[in-house]
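In what follows, a single structure is set out as C-alpha cells and then discussed.
The values are calculated or read from the model by the stated rules, or taken from the named source; none is laboratory data. This structure is a prediction, so every number in the text was calculated from the model and none was measured. Here the Cβ positions follow ideal geometry from the backbone for every residue, glycine too, while neighbour counts run over all protein chains shown. Protein only, heavy atoms only, side chains kept; ligands, DNA and RNA dropped before computing areas. Shrake-Rupley method; radii C 1.70, N 1.55, O 1.52, S 1.80 Å.
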Amino acid sequence: MIAANGVSLRFGERPLFENVNIKFIPGNCYGLIGANGSGKSTFLKILSGEIEPNKGEVTVSSNHRVAVLKQDHYEFDEFEVLKTVIMGHKRLCDIIDQKEALYEKTEFSEQDGLIISELETEFAEIGGWDAESDAATLLNGLGITEEWHDKKMSEIGSNEKVRVLLAQALFGDPQILLLDEPTNHLDVTSITWLENFLYNFENTVIVVSHDRHFLNKVCTHIADIDFGKIQVYPGNYDFWYESSQLALQQAKDANKKTEAKRKDLEEFIQRFSANASKSKQATSRKKQLEKLTLEDIKPSSRKYPFVDFKPDREVGNDLLFVNEVSKSMNGEKVLDKISFMVNKGDKIAFVGPNGFEKTTLFKILIGEINQDSGSFKWGATTSKAYFPKDNTAYFDGNELSLIDWLREYSSDKADSYVRGWLGRMLFSGDEALKKASVISGGERVRCMLSKMMLSGANVLLFDEPTNHLDLESITALNNGLINFKGTILFVSHDHQFVHTVANRIMEITPNGLIDRQMTYDEYLESEDIAELRKKMYS
C-alpha cells in the first residue's frame, strides 16, 4: 500500500494540494485525473519521492517496491536496451554489480564466499535467473523485437525509447506502479498489450492518462484532483464523468425531492453495473458502486468548452472523388494511387501506423500541396474547414490579441460576438486579451476549433485534433463531432474518439487502401481484416 498523509504543497503563494489524505490499495488501478495545472504529474512525483511536500508525508508498506515510468529519454543512453529494462529493479542490479565485483577478485576470502552465497540466494528469490528473458518478453510485447535488445539506447529513436522505459517500469513485478501518460507514442497493438498487462497486474497502479479508452479499460477507481483535494470514486473514467454530470444536474434541480434524486442515482448505478466490463474487477466494482450514497457523488468544478459545428448549408450527394492520387516526398513514395469516394454522412477515420502519409493526403485534399499524379474533385455544394496537425503558422509571431485573431475569421466583427465564441472555448475576461503568440498548445487547439465553428463548413478535416487537449476538451470535441450533421475526415490516435465518431475506417497501407464501413472496434476485432492487414504490410 502507498498513502499520502496530510500532504500539502505550495508553489509560492499558490496552493496546489491542501492536507491530502489518501490510500491506494493493492489490487486496484487508480486513474489520476484533474484539469490542466491541477498537479497530476506533480502528485505522482510526490508519491515517488522525487518532490518533497511542504507538509505531510508519503508512506509505503515495508518491502514494497515503487516503480516509475521515467520521463528523461536520455538518462540511459550509454546502456544497452535489455540492460536498461533490468535497471528498473534497482536491488537486482545492485546484486548483479556486487556479484561481479566479488567474482573478479583475485583473492577470494571465506567472508567473500559467505557474502556471495547470500547474494546468490537473494538473486534467485527475486527472479534474477529469469531477468533477461522477462525483460525480453516485456520488450517484445511493446514492439521492441530481439534485434533491438543489444543496441545502445542512444542508437534508437524517441518512440522506441518510450517503450523501453515503459518496459523498465513494468519489469520485476513492482508492488506499486506509477505511470505518467504511458500510452504516448504507442500504437494500437502496444496499447492493447499494455491494457492486458495491467488487467492482470495484481498490485497497485496509479496512472495519469488523456486516453479515456485506456482509463476505462484498466481503472478500478478514479482519483479526481479538484479544489486542491483528491476524491476517490469506484469505477472507470466514464462512470466518474457521468456521475459528476448527474451530480451537477441534481445540484441545479434545487426543488427536486431527495427521493427522486436517490432514484436517479440508483438507476444510474444499476446501468453502470449492468454494463461493467468482463474484467476480473467487474464483480467487486459492482459491489463498490452499490455502496455509493447520494452524498458520495459530487459535482466537479471542471469546465467543459462548448463545441458545436453547425453547417451553413446541407451538402449534396456529390461530395469527394479521389482517383489514383500519388505523391513522393524526398524521393520516397508516400501515397501510391489512392482512390476512394466520400458519401454524404460519412465520418471517416484514417488509421494506421504512418501519420505522415495521412497528413500528406489531407494537405493535398485541402490544396496546401499538389499531388504528383491522379486527381480529386470536391462537390459544388461542399464547404471545408481544416484542422492541421501543425498550427504554428497561425500563432508564432502573431501579436494580435485572441479577440483580434478570431475576428479575422468571423463575418460579424463586433467585440461582443467574437468574445462570445471565445467564451464558449473558456477564454473569458482577460483571457481573451492574451496575445496569440504566447498561448499554450491546448489553447491554440481551442482557438482553431473556434475558427472552424465560425466557418459554417459542412465538411470537416481534422489531423490529430486531440493532441495537447485535456480530458474535458477532448470529451467536448468528441461529443460535438458525434452530433455534427455533416461529413468528417479525420486522423486520431484516441481510441474512444475514433470508435464513437467514425462510421467508416480507411487504412493506407504499403500495398493499397483498406476501406470498411464499420466502427473502429469492429475493424480491430475482425479476423478477416487482421489477415488482410498482414498481407498488405508484408
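Using only Cα atoms, what is the ratio of the radius of gyration of segment 453-538 to 2.2 N^0.38 Å? This ratio for segment 453-538 stands at 1.21.
Each label point was placed 7 Å from the Cα along the Cα-to-Cβ direction; for residue 383 and residue 41 their separation is 4.0 nm.
Measuring between their Cα centroids, segment 307-348 and segment 513-530 lie 19 Å from each other. So what does log10 I(q)/I(0) come out to for segment 369-515 at q = 0.09, 0.10, 0.16, 0.22 Å⁻¹, using the Debye formula with one equal point on every Cα and no solvent? For segment 369-515, the Cα-only Debye profile gives -0.32, -0.40, -0.96, -1.52.
The listed residues 482, 514, once ranked by accessible area (1.4 Å probe) with the largest placed first, stand as 482, 514.
Measuring between their Cα centroids, segment 82-146 and segment 153-172 lie 19 Å from each other. For the peptides 411-423, 491-503, residues were scored by their other Cβ atoms within 10 Å and the scores averaged per peptide; the highest-first order is 491-503, 411-423. Measure nothing but the geometry: give the 0 to 90° angle between the long axis through the Cα atoms of 188-199 and the longest principal axis through the Cα atoms of the chain, rounded to 10°. Orientation of helix 188-199: about 50 degrees from the principal axis.
Counting only alpha carbon atoms, the long axis of helix 441-455 and the longest principal axis of the chain meet at about 20°. Protein-only accessible surface at a 1.4 angstrom probe places the residues 485, 105, 83, 327 in the order 485, 105, 83, 327, largest first.
With contributions of -39500 (n - 2.57) from each DSSP H run of at least four residues, the per-residue ellipticity at 222 nm computed over the chain stands at -12000 deg cm²/dmol.
For residue 188 and residue 110, what is the calculated FRET efficiency with R₀ set at 51 Å and r taken between the beta-carbons, to the nearest 0.05? So, using R0 = 51 Å, E works out to roughly 0.35. Note on the chain: dipole from Cβ charges, positive end direction compared against 301, 116, 250; the farthest Cα belongs to 250. Surface composition of segment 308-370: carbon plus sulfur atoms hold 41% of the accessible area, using a 1.4 angstrom probe and ignoring ligands, DNA and RNA.
Given R₀ = 30 Å, FRET efficiency for residue 98-residue 55 by Cβ-Cβ distance, to 0.05? Efficiency computed from Cβ-Cβ geometry: 0.20.
Accessible surface comparison of 74, 30, probe 1.4 Å, protein chains only, largest first: the order is 74, 30. In the context of the full set of protein chains, segment 154-261 has a per residue accessible area of 38 Å² (1.4 Å probe).
Normalised by the number of residues in segment 426-538, the average gap of Cα pairs under 8 Å and 6 or more apart makes the relative contact order 18 percent.
Summed over the residues of segment 294-385 and divided among them, the accessible surface reaches 53 Å² per residue at a probe radius of 1.4 Å. Accessible surface area normalised per residue over segment 403-512 is 33 Å², counting heavy atoms of protein chains with a 1.4 Å rolling probe.
For segment 326-422, report the translational diffusion coefficient in µm²/s to the nearest whole number, using Stokes-Einstein at 37 °C, 0.692 mPa s, and a Kirkwood Rh over Cα pairs. Calculated translational D: 198 µm²/s.
Taking every protein chain into account, the 1.4 Å probe leaves residue 29 with about 10 Å² of accessible area, to the nearest ten. Relative contact order for segment 34-169: 38 percent, from Cα pairs under 8 Å spaced at least 6 residues apart, divided by residue count. A Cβ-based charge dipole, computed about the Cα centre of the chain with Lys and Arg at +1 and Asp and Glu at -1, lands at about 2820 debye.
Based on the mean of other Cβ atoms within 10 Å per residue, sort peptides 91-100, 334-343, 135-144, 303-312 so the most packed one is first.
Ranking the peptides 91-100, 334-343, 135-144, 303-312 by packing returns 135-144, 334-343, 303-312, 91-100.
Helix 131-141 and the longest principal axis of the C-alpha atoms of the chain enclose an angle of approximately 10°. Using a simple spin-label model with pseudo-atoms 7 Å out from Cα toward Cβ, residue 400 and residue 339 lie 4.3 nm apart. Pairs from the list 363/389; 333/384; 70/152; 40/303; 389/451 with a Cα-Cα gap above 19 Å: 333/384. DSSP finds beta bridges in the chain, and of those with both partners inside it, around 55 percent are antiparallel.
What is the chain's relative contact order, in percent, from Cα pairs under 8 angstrom and six or more apart in sequence?
Relative contact order here is 14 percent.
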